[in-house]
Amino acid sequence: MDAKAVPLFECSGINKSFSGTQVLFDVGFAIKAGEFLGVIGENGSGKSTTMNIIGGILRPDSGEMRLNGDAYVPTQPNDAMEAGIGFIHQELNIFGNMSVADNMMIGRYPRRWEKLPFINHRAKRLATAEALKRVGLDVSPDAPCWSLAPGERQLLEIAKVVSQNPRMIIFDEPTTSLTEPECRRLFEVIADLQAQGIGIVYISHVLSDVQRLSDRIVVLRDGHAVKSTATRDLTRDGIVEAMVGRPVSQLYPDVPPLGERRPVIEVQGLTQPRVLKDVSFSIAAGEVLGVAGLMGSGRSELARILFGLDPHDGTGTISYEGAPFDPSPRDCVSKRMAFLTEDRRHEGLLLTQSLTTNLELVHLSGAGSGAHVPVDRKQQVSNAEDVAHRLRIKARDLVRLPAKSLSGGNQQKVVLGKWLVDAPRLFILDEPTRGIDVGAKEEIYRVIAELAGQGLAVMLISSELEELAGLSHRIMVMSRGMNVGVFERQDGGFDRAAIMARATAADVEAA
Amino acid sequence: MKTLTQRLSNPRLLDLVPVVLMLLVAVFFSAATDSFATWANVKNILLQSSHLAILALGASLVLLVAGVDLSVGATMYVAAALIGVFMPGAPVLIWLLAGCGIGLVLGAINAFFVVRVRVAAFIVTLSMLFLLRGVGLWISDTKMVFAAPHLLEMSRASFLGIPVPILLAGLSLVFVHLLLSGTPFGRSVYAIGDDPEGARRAGIPVERVTFMLFVLCGGFAGLSGVVLMSQIAAASSTFGQEKEFMAIAAAVLGGTSLFGGRGNAFGPVFGAILMQTVQNGLVLMDTDPYLYPLITGAVIFIVVLIDTLRNQLSERLGRSPIRVEA
Amino acid sequence: QGSRTIAVMFDSLQSPFWISSFDAFKAEIAERGWTMLENISNLDDSRQFQQVQSMIERGVDGIVIVQTDANAVIPAIRAANAAGIPMVHYNRPPAESDAKSVAVQADNRTIMRDTVTALVEEAKKQGGKYKAALLIGDLGDQNAIARRDGFFDVVDQNTDTVEVVARIATEWNADVAFAGLTNALQANPDINFLVTSSDFLHPQIEQALKVAGKWHKRGEEGHVLFAGFDGDEGGYARLADGYLDAVGVQNVFFEVDLTLNALQDMWDGKEVDDLLLDPGFVITPYNFEEKRDEMWGYLVWKSQNG
Amino acid sequence: MVSDTTVPPRKQGYRVLIARLLSEPAFTVIGLLVVYTLAVTAAVPGFLGAGTLSAIFISLLPLLIAVIGQSFVMIVAGIDLSVTATMGLTSVIAGSVMTANGGYLADSALAVPVGIFCFLFFGALVGLFNGLCVAFIRMPPFIVTLATMMFVSGAAVLYSSWHTTSVSIGGLPSGFTRIGYGTIGPIAFALILTVLVVVAADFGLRRTTWGRWLFAIGNNPTAALISGVPVRAVQVSAYTLCGTCAGLSAMIYSARLETGTPVLSQNLLLDIIGSAVIGGVSLFGGRGSVLAAFLGVLLLTVIDKGMQFIGLTLFVVLSVKGAIILLAAVLDALRLRYAEGKS
Ligand SMILES: Nc1ncnc2c1ncn2[C@@H]1O[C@H](COP(=O)(O)OP(=O)(O)OP(=O)(O)O)[C@@H](O)[C@H]1O
Ligand SMILES: Nc1ncnc2c1ncn2[C@@H]1O[C@H](COP(=O)(O)OP(=O)(O)OP(=O)(O)O)[C@@H](O)[C@H]1O
Ligand SMILES: [Mg+2]
Ligand SMILES: [Mg+2]
């Protein structure tokens, strides 16, 4: 047989159940050396589960896998790595308490002496620096990882896998915490890898990326591989329909026109040493203010200060609904401010609690609530059902299932949902659609637009310019902790090139 | 060039705070009594803290993966009682090895339940605390078990000019330090402590490493039991009681986190010495014995208070700033 | 007489004194053909009270108790009174109350006073000024408190001979005692007058004195005047070897006999005094020969050493 | 017995029932209780009598109160090692107020009310201190309360040494000691008190917003903070309540012993934490209930009582106790695994 005909990797008939519920049904696909295979599907359709099986983290109930034609049965993550399959996980594997070099080399330290288990720290640092250079990440090998920004962590993780010279690499939503320039850098790296004959499995909810880069696309729906086709034979609408099971013609809803400007929040000259400098803006009722900027431009910090999560001991004033306001999370909640955090696992969810418990929390802490107030269980369950229905949260049981059993996208909907039980007046959304499928994205966009239409003020932080442009009335650009410009919607759109230029310009100047 | 304030706000500088504290305590006692700041007394403090230092080193290994071992005190007792009853005449080296060995076995029992059966470490070691104390009483028939004369001589002897108990504590320190900072095993301990799930995904044999840590903790407890017995000549029915809390306190005083992932080999030794220094100073000053627990409690409180504030500060300073000023 | 069941309730078996007492009870009760149920409260007042209740529910015929606390034992006595079960306190009397029970006691304070007096007299005989250290027991234990007070009763009267430079809290804990004494010897290398509140600390004291180079027999240069309390086998051995100068002895066998006789008398309906005293005695090298047969530690020592 | 083949639906129902039982955390503890009780009864037939059972029940009340207090703290992912020290401190302070032997309020009508107030107040005070340190300074609870334990227990011994030449303070007024075993009508006073605590705690935990907040904080303090939960205040409340419960528990113990003593239940710490954990209160926060506390306390008390009944030697008592706690934990781990595999 011709060696070329044997695929680099191939799996077929993979079934997997979690405590009685089947989530994968006869999943199979193949990938050739140097091929870029896009894997897409709704949240919870089984993408990560499939990849976890390939990566040796989960065992399939049945099914077989072949690597270069040989049977491949990984029983632990190391087996996958040794067989040449690299895996960049959806949830990052960065240990914040260790240095960059330790994170990079853990599990395969260079030894000082052949026979003795002692680490050669010098070789470790050198190898790390080498690997970092390959992905263009400019941090010291000795830097502690807790000081890295999310994007830097993601790049570190990629550098780690790439440096192990695998034959195939699985990327599970690698761009969720990367900004444009970093994404471009990543794609260059991937192209480079492809050219070396490495197979790429790439999971993403950013369909445009997948469409642009992939050779072939596998679509998963409810645990079935419903499509596996060459990319050039697919249209965007076709992909979306295969994924969601219905056509999604218009991703972004119409932006409702703004009536009379009644500011909900006004920020004047907000300055916080080392974080923010002289930031002023206001958001009116019914307005969506997009906030654009590069990683580390201070957008999240701004949001956290507005919500009282980070200290504000600098200068500047915040006024909310006409009155000066010194924010603390509790005040914010009782004044109907809402905040969707960037980091849902660590700051958003009660992972081991039920969805109802998660969804009722804000309501129980909001205005008119106190420690002594009895909880009306029935009311809470019906509220939760309401929200779950509105956001189309896919869950078998709202009362008993813990939040951690949901897929990433559905988890995000739960975090969003808890703020919707009581109608908020100002909603700060920090990367609300990170890691969320198109179907769900469309739903979240619809909800945002709907709420804005009802007079909610929205501050939307996003690294997807597309998204900002589709939803915002105005876009504020931030750079190095400053507001470097506000763009108005004109003729139904924004000048994206100008926004990008403004966001990067200050950095270039500084450099 | 860095400005002065930048240099001063270097978080690494803050790591010296515990040392400064120790110095303050030392300066206070030196001023208060003549006999504190003597070479003999320093040796004395080190001698008295050696068993606790060894114990705390073991305890901190387990703390590093967010575990806990409450059975170390009872392990000390069982090790001391077993050897004292069944092989009192054995040579010193055998005493030490047997102490370690018994500890390792008991540690392995803990490890089995924690890792294989997956029962919370707190509850496994809590029940082992009762169980082992019972076993120790059974072995010794509740009587005092005496250390053989040659063991006592060992505790008074020196090797290369270093008293043997201090030497043993020092060797333990070197061993743990090399293990934690110099070996892949040690580095994986930190990864597990930070995020066990992530460590598993990263291909670290989480179970095996955790198992080994509990075993090692037991081994250090056994060694500590022999060292203490060699110093105080006998093991009564309360031998090692409440040492588990002392060991954890020493580890935490030295900056080991109870939530895993943070700490090093020097911390627990430092903590043990600090605690012993306070006790020593109080006796030297002939303080009213009623005040001992009050002062010890207060000192632990203050050290932890300062350590907590220091951590918060260093976290704030260490967070890489957004470069507002270009 | 029919077989009797007796509950023997100790609060701990921390020192040889208690272990020997416990063993003596076991032996003596078996001798008399009775049955013994044992309960040890581990120094926990509430648990001891529950244990007494359990024993009452079990329907024992008599209770021997070493209470942790003189006041806290009173409800237990009342409960025993209510159930008509006689109760005898071994070695420690309860606090005063309307509850009826019998106590067997060695007068700790007096015995300690006599012991320290003997030591002070020895000091005066040898002349010079003395620097004293006292190893105090657990500050939560009434016997320890009584012995401490007995010590100070004497030294406070003899300040011209003895100056107390160290009070070492031992918490009845061997390693605390060892460290404390070592530290005290560090601070005051000239300590030459030492009293321990219990003989069970002798191994630690010997070790600490050896480390400090002060372990010398009577009559040798640098001998530390040294008194113990309890009269256990360790105390006997060191007295015999010439390291100790005085030991306050409580008489275990005598007290055990007193206790069980009291129970028997109460069953027989005889009147028994509320307080049965073990006068105790002080043994010194001067009365060693005549007194040692009364010292329980000697008997234990003899049985252990052939 | 009906054979399986004739009535398959019954068998189905039976299976479901077993699965249900196994998914219930109380299952292991209750199972062990039954087995242990039968075993002791086989050795000492009198054990299963109504007298013993009611004695067990009455004797576990103060422990239960202390464990409920500890549960609050454990639910917010904390731990309070200072409870027993607090119990000793409140006991001597209240004792020094009430005692007829030279108490501050000896023979005054105010003695008992003020004494009771002292139990609650100083209990709450120590709890408050712990809570403030944990919530506001963010010190690790384990070590803060360890330091508090040392300090407070030392202070208790010192304080009582000022008031008595012996160790403890006796001569407490009968109006107070009645709390221990007195009755109101046919019902023990301590029982009424405990039931009140149990009902209030259960209502608080399961039915009020405060209860939800506790669990939320135990699960994820940051998420709770962002959701508007007054995290610090709730943490402080948990510790303060724990201290108050310790005071209350000390009150019953002291009344029963008719004594104010600094070492009151000093060896009970591991029993308190152990009961909570055995019952199913998680050490890592976010899980716990009054029922769990009760079951844990019941198991430990019955174990103790059984061994007292048989009159076993100390080392057997300790070993058996350790072994049973371990067994309970192991069975529970196996049960969980089995239940997870089945559902
Ligand atoms: N450990 C687990 N236990 C139980 N159910 C699980 C587990 N892991 C995943 N699932 C379920 O399996 C299904 C597939 O999840 P998976 O994480 O593979 O989805 P996904 O396609 O990666 O979604 P997303 O795009 O949100 O990451 C979901 O319904 C999820 O709830
Ligand atoms: N280039 C950088 N230099 C220094 N620190 C940075 C840098 N980028 C990010 N950080 C740190 O990482 C964290 C993330 O920054 P922040 O979240 O405010 O940025 P952002 O504009 O919201 O971008 P994003 O949310 O996309 O990461 C901050 O704590 C910041 O201190
Ligand atoms: Mg996924
Ligand atoms: Mg951000």
Specify whether the C-alpha gyration tensor of segment C:55-104 places it in the rounded, prolate or oblate class, a ≥ b ≥ c being the square roots of the eigenvalues: rounded for a/c under 1.5, otherwise prolate if a/b is larger than b/c and oblate if not. prolate
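Rounded to whole Å and ordered largest first, report the semi-axes of the equivalent ellipsoid of segment A:89-146 derived from its Cα gyration tensor (root of 5λ).
With the √(5λ) rule applied to segment A:89-146, the semi-axes are 20, 14, 10 Å.
How would you order B:195-206, A:346-357, A:426-437, C:118-129 from highest to lowest mean count of nearby Cβ atoms within 10 Å?
Packing order, densest peptide first, comes out as A:426-437, A:346-357, B:195-206, C:118-129.
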Heavy-atom accessible area of segment A:1-61 with neighbours in place, 1.4 angstrom probe: carbon+sulfur share in percent works out to 51 percent
Segment B:45-308, accessible area per residue, ligands and nucleic acids excluded (1.4 Å, Å²): 29 Å²
Using the Cα atoms of chain A, I'd like the radius of gyration and the largest Cα-Cα distance, Dmax, both in angstrom. 23.7, 78
Running a GNM on chain C with Cα contacts under 10 Å, which residue among C:TRP296, C:TRP172, C:TRP267 ends up with the highest mean-square fluctuation? C:TRP267
Ignoring ligands, DNA and RNA, what percent of the 1.4 Å accessible area of chain B is carbon and sulfur? 69 percent
Antiparallel bridges, percent of DSSP beta bridges restricted to chain A (to nearest 5): 55 percent
I'd like the carbon and sulfur percentage of the solvent accessible area for segment D:46-339, probe radius 1.4 Å, heavy atoms only, ligands and nucleic acids excluded. 73 percent
If each DSSP helix of 4+ residues adds -39,500 (n - 2.57) and the sum is divided by the residues in chain B, what number results at 222 nm, nearest 500 deg cm²/dmol? -23500 deg cm²/dmol
Across B:293-305, the residue-averaged tally of Cβ atoms belonging to other chains within 10 Å stands at 6
Residues in segment B:114-143 that a label on D:ALA323 would reach, taking backbone N under 18 Å of a point 7 Å out along Cα→Cβ: B:124-142
At least 30 Å² of accessible area lost relative to the chain alone, listed for segment C:119-146 with a 1.4 Å probe: C:LEU139, C:GLY140, C:ILE145
How high is the relative contact order of segment D:46-339, in percent, counting Cα pairs under 8 Å that sit 6 or more residues apart? 34 percent
Where A meets B: accessible area buried, both sides, 1.4 Å probe, Å²: 2700 Å²
Which value in deg cm²/dmol, rounded to the nearest 500, describes the helix-derived mean residue ellipticity at 222 nm for chain C, given -39,500 (n - 2.57) per DSSP H run of n ≥ 4 and division by the residue count? -14000 deg cm²/dmol
Which value, to two decimals, describes the C-alpha radius of gyration of chain C once divided by 2.2 N^0.38 Å? 1.04
Where Rh is the Kirkwood radius over the Cα pairs of segment A:118-185, the temperature 20 °C and the viscosity 1.002 mPa s, what D in µm²/s does Stokes-Einstein return? 167 µm²/s
Using just the Cα positions, wrap segment A:363-511 in a convex hull and report its mean projected area in square nanometres, one decimal place. 11.6 nm²
For segment B:87-206, taking Cα atoms only, what is the radius of gyration to one decimal and the Dmax to the nearest whole Å? 18.7, 53
From the helices alone, meaning DSSP H stretches of at least four residues, give me the mean residue ellipticity at 222 nm for chain A, per-run term -39500 (n - 2.57), in deg cm²/dmol to the nearest 500. -10000 deg cm²/dmol
Report the antiparallel proportion of the DSSP beta bridges in the protein assembly as shown as a percent, rounded to a multiple of 5. 40 percent
Interface buried area B-C, accessible surface with 1.4 Å probe, both sides summed, nearest 100 Å², comes to 2600 Å²
What accessible area per residue, rounded to a whole number of Å², is obtained for segment A:366-450 using a probe radius of 1.4 Å? 39 Å²
As I understand it, the dipole of the protein assembly as shown uses +1 on the Cβ of Lys and Arg and -1 on the Cβ of Asp and Glu, about the Cα centre. Which of A:MET168, B:VAL92, A:LEU116 lies farthest toward its positive end? A:MET168
Treating only the Cα positions of segment D:81-124 as identical point scatterers, give the base-10 log of I(q)/I(0) from the Debye formula at each q in 0.13, 0.21, 0.33 Å⁻¹. -0.26, -0.59, -1.07
What order do you get for A:216-225, B:289-298 when each peptide is scored by the mean count of other beta carbon atoms within 10 Å, highest first? A:216-225, B:289-298
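Estimate the FRET efficiency between A:ASP61 and B:HIS177 by the formula 1/(1 + (r/R0)^6), using the beta-carbon distance for r and 56 Å for R0, to the nearest 0.05.
0.75
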Run the numbers on segment D:276-316: which residues show a drop of 30 Å² or more in accessible area, chain on its own versus all protein chains together, using a 1.4 Å probe over heavy atoms? D:VAL277, D:LEU283, D:LYS305, D:GLN308, D:PHE309, D:GLY311, D:THR313, D:LEU314, D:PHE315
May I ask you to derive the relative contact order of chain A, considering only C-alpha pairs under 8 Å and at least 6 residues apart, and to give it as an integer percent? 16 percent
Virtual spin-label span in nm between D:ALA42 and D:GLU24, 7 Å along Cα→Cβ: 2.5 nm
For segment D:46-339, just the Cα atoms, rotate onto the principal axes and tell me the three extents in Å, largest first. 56, 50, 38
Ratio of the Cα radius of gyration of segment A:189-303 to 2.2 N^0.38 Å, where N counts its residues: 1.60
Projected label distance in nm at D:VAL316 and A:ASP26, using a 7 Å step from Cα toward the beta-carbon: 6.6 nm
Rounded to the nearest 10, the angle in degrees between the Cα long axis of helix D:290-310 and the longest principal axis of the Cα atoms of chain D comes to 80 degrees
How big is the equivalent ellipsoid of segment B:45-308 along its three axes, where each semi-axis is √(5λ) from the Cα gyration tensor, reported in whole Å from largest to smallest? 28, 23, 18
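With a 1.4 Å probe and every protein chain left in place, work out the accessible area per residue of segment D:46-339 in Å², rounded to a whole number.
Working: 8810 Å² over 294 residues.
Here the residues of segment D:46-339 average 30 Å² of exposed surface.
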List the accessible area buried at the contact between D and B, summed over both sides and calculated with a 1.4 Å probe, in Å² to the nearest 100. 3800 Å²
Can you pull the mean other chain C-beta count within 10 Å for peptide A:346-355? 5
Relative contact order (%) - criterion: Cα under 8 Å, at least six apart; region: chain C: 17 percent
Enumerate by residue number the trypsin sites (Lys or Arg not before Pro) in segment C:195-236 meeting two conditions: DSSP loop (anything except H, G, I, E, B), and at most 13 other Cβ atoms within 10 Å of the site's Cβ. C:LYS217
Partner aspartates and glutamates for A:LYS133 [C-alpha distance under 19 Å; skip if fewer than 8 residues away on the same chain]: A:ASP102, A:ASP142, A:GLU152, A:GLU157, A:GLU180, A:GLU182, A:GLU188, A:ASP192
Just to be sure I understand: with springs between alpha-carbon atoms less than 10 Å apart, which residue in B:LEU258, B:LEU126, B:LEU57 has the highest mean-square fluctuation in the Gaussian network model of chain B? B:LEU126
Filter on C:LYS124/C:LYS291; B:LYS143/C:LYS214; A:LYS16/A:LYS404; A:LYS16/A:LYS378 - keep pairs with C-alpha separation over 25 Å: B:LYS143/C:LYS214; A:LYS16/A:LYS378
Give me the distance in nm between label points sitting 7 Å out from Cα along the Cα-to-Cβ direction at B:LEU291 and A:THR315, one decimal. 5.1 nm
Order of D:56-65, A:236-245, B:181-190 by packing, highest average Cβ count within 10 Å first? D:56-65, B:181-190, A:236-245
Exercise: per-residue mean of other protein chain Cβ atoms within 10 Å, B:278-288: 5
Using just the alpha carbons, could you tell me how many Å³ per residue the convex hull of the protein assembly as shown encloses? 215 Å³
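The values are calculated or read from the model by the stated rules, or taken from the named source; none is laboratory data. Please read these numbers as outputs of a predicted model, since none were measured by experiment. All Cβ positions, glycine included, derive from the backbone under ideal geometry; neighbour counts span all protein chains shown. The area values use the complete protein model at the heavy-atom level, side chains included, leaving out ligands, DNA and RNA. Shrake-Rupley method; radii C 1.70, N 1.55, O 1.52, S 1.80 Å.
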